[in-house]
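Data first, discussion second: the structure below is written as structure tokens.
The values are calculated or read from the model by the stated rules, or taken from the named source; none is laboratory data. Computed from a predicted model, the values in this text were never measured in an experiment. Note: ideal-geometry Cβ built from the backbone for every residue, glycine included; neighbour counts use all protein chains shown. Note: accessible area is taken over every heavy atom of the protein model, side chains too, but ligands, DNA and RNA are not part of it. Shrake-Rupley method; radii C 1.70, N 1.55, O 1.52, S 1.80 Å.
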4 protein chains.
Amino acid sequence: MASVFGQAFRVSTFGESHGPAVGVVVDGCPPRLGLDVADVQRELDRRKPGQSRLTTQRREGDVVEILSGVVDGITLGTPIAMLVRNEDARGRDYDEMRTKYRPSHADYTYQAKYGIRAWEGGGRASARETIGRVAAGAVAQKVLRSVWNVEIVAAVAQVKDIEASLAVESMTREAVDRTPVRCPDLDGAARMIDVIDAARKAGDSVGGVVLCVARGVPAGWGEPVFDKLDADLAKAMISLPAAKGFEIGGGFAMTHATGSEVNDAFRRGAGGRVTTRTNFSGGVQGGISNGEPIVIRVAFKPTATILREQDTVDIDGNETTIAARGRHDPCVLPRAVPIVEAMMALVLVDHALRQRGQCGS
Amino acid sequence: MASVFGQAFRVSTFGESHGPAVGVVVDGCPPRLGLDVADVQRELDRRKPGQSRLTTQRREGDVVEILSGVVDGITLGTPIAMLVRNEDARGRDYDEMRTKYRPSHADYTYQAKYGIRAWEGGGRASARETIGRVAAGAVAQKVLRSVWNVEIVAAVAQVKDIEASLAVESMTREAVDRTPVRCPDLDGAARMIDVIDAARKAGDSVGGVVLCVARGVPAGWGEPVFDKLDADLAKAMISLPAAKGFEIGGGFAMTHATGSEVNDAFRRGAGGRVTTRTNFSGGVQGGISNGEPIVIRVAFKPTATILREQDTVDIDGNETTIAARGRHDPCVLPRAVPIVEAMMALVLVDHALRQRGQCGS
Amino acid sequence: MASVFGQAFRVSTFGESHGPAVGVVVDGCPPRLGLDVADVQRELDRRKPGQSRLTTQRREGDVVEILSGVVDGITLGTPIAMLVRNEDARGRDYDEMRTKYRPSHADYTYQAKYGIRAWEGGGRASARETIGRVAAGAVAQKVLRSVWNVEIVAAVAQVKDIEASLAVESMTREAVDRTPVRCPDLDGAARMIDVIDAARKAGDSVGGVVLCVARGVPAGWGEPVFDKLDADLAKAMISLPAAKGFEIGGGFAMTHATGSEVNDAFRRGAGGRVTTRTNFSGGVQGGISNGEPIVIRVAFKPTATILREQDTVDIDGNETTIAARGRHDPCVLPRAVPIVEAMMALVLVDHALRQRGQCGS
Amino acid sequence: MASVFGQAFRVSTFGESHGPAVGVVVDGCPPRLGLDVADVQRELDRRKPGQSRLTTQRREGDVVEILSGVVDGITLGTPIAMLVRNEDARGRDYDEMRTKYRPSHADYTYQAKYGIRAWEGGGRASARETIGRVAAGAVAQKVLRSVWNVEIVAAVAQVKDIEASLAVESMTREAVDRTPVRCPDLDGAARMIDVIDAARKAGDSVGGVVLCVARGVPAGWGEPVFDKLDADLAKAMISLPAAKGFEIGGGFAMTHATGSEVNDAFRRGAGGRVTTRTNFSGGVQGGISNGEPIVIRVAFKPTATILREQDTVDIDGNETTIAARGRHDPCVLPRAVPIVEAMMALVLVDHALRQRGQCGS
């Protein structure tokens, strides 16, 4: 369904931006796993607005409450429901949106689909919807680390024309979080910050690319045909607000090469393990993990909501103009990092459980 | 599950490359729809190998039989099963694959996952698996055309470094099929053919990009959050063999722009209909169609199976080399065109039925 | 998944008996439907404990909060999350259950499955889990009444050996709720109350049968083969705590008849509508509704938790005895009535939306 | 969807009674399992018509072909498609059904749902649809026996007023198959045969009850809440043609007892294993298996299609009469036995894989 994701580890999110709360229910989590509210809060804090001048100044505590599925810090195997109350809801900033559609936002399409929409703050199309994903992703990451020793790290790889140099094999979450733009390449980060600052001052917005790597995934996760591991990753990522492109491994760049240039030759690795000399496959071959790091890139367009005046129509179809007020991210990239990590985790844990179910390990 | 796709219009494919048959079951098709075996055969003929010197010379009649769900050329609403027998199965060409893994192919990952694999011809990882998709897509396209007047056209937009100039708003399937490379830009097509010929002669392979447009999709298809229309398209496309990248509308290129440059201003169109001045959104905003053409691009890597000698390991983990024999496409792009169209159709019809179910039209 | 029900109208419940809260997320509800919190609270009040001396004296306000999916009393089409806080949680009453398994309860099986359980109050196996079902069912009934004019009424048809005489075609919810045992046959009700009182005084429990009828369901809901309307009803009902039997129409009694005795002859009804002379089919033929009232019966065993001493084992496998303390229903039947209605509604609305999706109306 | 069953072990059936073929696709079967076509054919032979004078004389070879998912008698882990061609299709016998609805059959409801139906032989509502179930069930039974040593045996427990005495703990499939009525109680069997013979001579039909036991199921299979093991069994069984009632363990009879009479006291069994003194629970408590035999009973109504003249309406709504010609079972019970076993197996294997996925074993 619309708001349900996963087959074996299934999450169901809910909540409008300016309603009482947002949250998520996680069904299928393995039992007897240590899980504290702090495990979840830590990830939500990385996602929340107001962390730096780079992000929206909307201030939300985003304090999560675990409502079920956990007793004394241990998972029960039953659904884990998690709730975050909405606090700082300045509906007035959105008054104009009641009657006008923001260009490239979901205002018009929600109205077309449902004949009604929660116009304040974008309702379900708000970035606040991702709180449920991040909370569920925190649980997923706990499972992946505990049971399979899988580690997931994402970073901002590009903001507008600034491309960072990222060490996919070794970059750490600590290094990523060291800069407000979540780019571990300090030089690149500084230039990205300049670009974002300039966009904010201009009442405009910029986009970019998030790279995410999962290390430690064993060979054999994923399915042939439709539920390929990379296909589910593509869906997970393109389901994020403002995501418009996805690639794995060599991605679009590989279309300029020949097979002999980008085929990943197998070799005998440490302990006789099969490894590959290169990783143009991005850790997935035929939809199934091959034991190499899984590497994906996600393109985020510039934020749709900008302070500049834009042409649009109102709900009666008359042409008019709109200029957003309110507090908006000039660039979603820094906050997208923990969200991308969460979606990576949700896909991986789902396939881990499915593989264990069908094949026994 | 692995081989099941869609929620309301659900397809389930089966079959190994060198087993008795491949096929598909379509569940949820609307009743009382005209459907002849010719509707399906036409699309399979566009997919099948041996159409020109550009594609593998494996000769398969690929004759489809409709086993159920249709009586006297009318759909019953019950499952439509379709079957294609495998004919020209030269297992011997694959003897080496019994003991060696082809680089960047699914040989190793299937073995790692299942502890067994149908090594002849790649088994389920073969391009023959797409026969079921194309057959189901033919049914989906019939529904979309009959009920909603939706038209889907894909074309090869790029082969290696050759980029075609495509008229997204007006290109036709007839124009696309006029060249063996399925590119309606005649000049571009000629140069693509040269590139593919060169790759084949070199025992190598090349990749490229397929662009697909769906015209006539009404505003309102798709879902918020996880099952966004573009998220499901991303999954559908990345689930194709050799697909490594997906983008919608402005895609990765949009990451270099500002919001004010790529926001799609709304305007009042013919008959008061809300339209957009540009289509950087690719017809989808907030995961829901906005009535503009849906435009996506899919990156296909160079075919993994090449005739050149490559380094690899055997099933005992010893390093060795492999050079494919057998008949292989030096470039999957021309045959990928009807497959991409099929996947676009499967996603759209699923969301059309879901929208009608929830919202009544 | 375990706690997810439905395909087009999908509910996901969560919550342990003695955790912070129980609740539900409803995904796929049609938009623009009037829905007040009172619509939901009314049904929860019918389900809640402490309504009369017949039911457990546990006192819970069971006040529901709608967290999302509704603005100004109108559904948005997005997920509707509903929450009920747990209040009166006397964990001490359950101390013995920490180390001993109650016979015929879920204590042992949860432990066997998960290796852990929320032993206080039965955790997820508590009757409190049905709060989410009833809340979701209230939404479903609102949809069914508003859009299709379907009316659902359940009643207690039997308690132990007392069988009521019920007028399936005409009984109303008002008549049902007039007696504390929820049986509109006043004479039968009085005798049922005596039986329940006797069981309570004896520290024992009794079971019985709930009958449920849905009137106004049009012909055509349900699916051939696995998702038959009655198959989904069977699953819905047997998924209720203490439910051990299900039958539709003539049910088990029909096995004693001949075909010529229980076939429902068709006849031409008012306005030329096809009706049946009898309704041994219970409104469903071949898994699809035929326009007649849908009539089912559900058998509930005597409550497992009783005050009498019973033989059992402890968590170390040693034989011992247990006698429940705490407040327990000597008979679940009266409170099962709104729960059965809720499940009937969840199945019907799911099939209504599926039928509209596939067949257009 | 309509014709898809299961979550982890998913089957998708297809085929009309008088179309080219019927069959099934099984997705999610564990790999490296021995599976011969004979394993499947054996079960189909038990299901097929014409085995004795008790069943329809329609002669179908019902020869199954495995199209995919198996190589050299070993499962690959990929979808297993199985096909049975329809042979003996005497459409003429059904001519009257083109324009008249058989009472209590699916003719009218299919027409109401889809606006069209395959009138010959009931199309998808024919008993031939169960071929796919039995073929898939044969695979499921192979998995259950090989991996978990689970054994499933069903028998006819009642035909009209004749009740057999069955030894649930010890009855074998061999003993069941020794009588044409599939009842291991020889005296009861003889009387059942008389009843069926009498019905056939009278142009009438009779119903009855099938009992099914699964032995060796470990504690822990099944899910809390909606996907309870017995709830899924109820759905599986009520989805069978002519099934109108389901009960587990003490079932409806338990509604006449008190809790102290039917609670299953735990005791310490051989090797310290937790067992129960009685099995009124039927092997399932709180929706999860407890290690005792799983025992269910399914009520089948008398076959709807009878040779006697009955009142009905035609497709224009005019009142008329109908008397079936063709070859029909006067009693479906004997052939229902392998079908019930198949459905039991499909439910159990699905939950076995789900349990292994979530909880690791």
(request) Of the numbered conditions (1) more than 14 Å from chain C (Cβ to nearest Cβ); (2) over 27 Å from the mean Cα position of the chain (by Cα), B:Val347 fails exactly one; give the number of that condition. (result) (2)
(request) Look through region B:246-265, keep the residues that are surrounded by fewer than 22 Cβ atoms within 10 Å (Cβ to Cβ) and outside any helix (DSSP H, G or I), and return whichever of them is farthest from the other protein chains (Cβ to nearest Cβ). (result) B:Ala257
(request) Tell me, yes or no, whether region A:278-290 has at least one residue that is under 30 Å from A:Gly50 (Cβ atoms), of a type outside the set (Ser, Thr, Tyr) and open to solvent by less than 10 Å² (accessible area, probe 1.4 Å). (result) no
(message) Among the residues of region D:302-313, are any free of Cβ contacts under 8 Å to residues at least 40 places away in the same chain and farther than 27 Å from D:Asp39 by Cα?
(response) yes
(request) Within region A:266-277, work out how many residues are open to solvent by 30 Å² or more (accessible area, probe 1.4 Å) and at negative phi. (result) 5
(request) Only residues in region A:103-120 that are at the interface with another protein chain (Cβ under 7 Å from one of its Cβ atoms) count as the first member; pair them with residues that are open to solvent by 40 Å² or more (accessible area, probe 1.4 Å) and hydrophobic (A, V, I, L, M, F, W, C), Cβ under 8 angstrom, at least 6 apart or cross-chain, and list the lot. (result) A:Ser104/B:Phe280; A:Ile116/C:Val71; A:Ile116/C:Ile74; A:Ala118/C:Val71
(request) Have a look at C:Ala2, C:Ala8 and point out the one that is within 14 Å of chain D (Cβ to nearest Cβ), part of a loop (DSSP other than H, G, I, E, B) and out of contact with any Leu (no Cβ under 6 Å at 6 or more places or on another chain). (result) C:Ala2
(message) Quick test for you: out of C:Arg308, C:Arg297, pick the one residue that is more than 14 Å from chain B (Cβ to nearest Cβ), closer than 21 Å to C:Val176 by Cα and either touching a His at 6+ places or on another chain (Cβ under 8 Å) or open to solvent by 30 Å² or more (accessible area, probe 1.4 Å) (or both).
(response) C:Arg297
(request) Working only within region A:110-154, note down all residues that are among the acidic types (Asp, Glu), part of a helix (DSSP H, G or I) and either open to solvent by 10 Å² or more (accessible area, probe 1.4 Å) or at positive phi (or both). (result) A:Glu120
(request) Mind telling me which of the residues D:Arg42, D:Arg32, D:Arg46, D:Arg53 ends up being out of contact with any Cys (no Cβ under 8 Å at 6 or more places or on another chain), surrounded by fewer than 24 Cβ atoms within 10 Å (Cβ to Cβ) and at positive phi? (result) D:Arg32
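Here's the yes/no breakdown for (1) over 19 Å from D:Val349 (Cβ atoms); (2) modelled with pLDDT under 95; (3) within 21 Å of the chain's Cα centre (by Cα):
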{"position": "D:Gly208", "(1), (2), (3)": "yes, no, yes"}
{"position": "D:Pro218", "(1), (2), (3)": "no, no, no"}
{"position": "D:Asp227", "(1), (2), (3)": "no, no, yes"}
{"position": "D:Ala304", "(1), (2), (3)": "yes, yes, yes"}
(request) Could you grab me the full set of residues in region D:180-238 that are among the hydrophobic types (A, V, I, L, M, F, W, C), more than 12 Å from chain C (Cβ to nearest Cβ) and free of Cβ contacts under 8 Å to residues at least 24 places away in the same chain? (result) D:Leu186, D:Ala190
(message) One residue is enough: does region B:45-52 have a residue meeting the conditions modelled with pLDDT of 95 or more and part of a loop (DSSP other than H, G, I, E, B)?
(response) no
(message) Among the numbered criteria (1) among the β-branched types (Val, Ile, Thr); (2) under 30 Å from B:Thr305 (Cα atoms); (3) away from chain B (no Cβ under 11 Å), which one does A:Val340 miss?
(response) (2)
(request) Could you please let me know if C:Thr276 is more than 21 Å from the chain's Cα centre (by Cα) and more than 7 Å from every other protein chain (Cβ to nearest Cβ)? (result) yes
(request) Residues that are within 21 Å of D:Val206 (Cα to Cα): find the strands (runs of 3 or more DSSP E) completely inside region D:266-348 holding 1 or more of those. (result) D:294-300, D:310-313, D:319-322
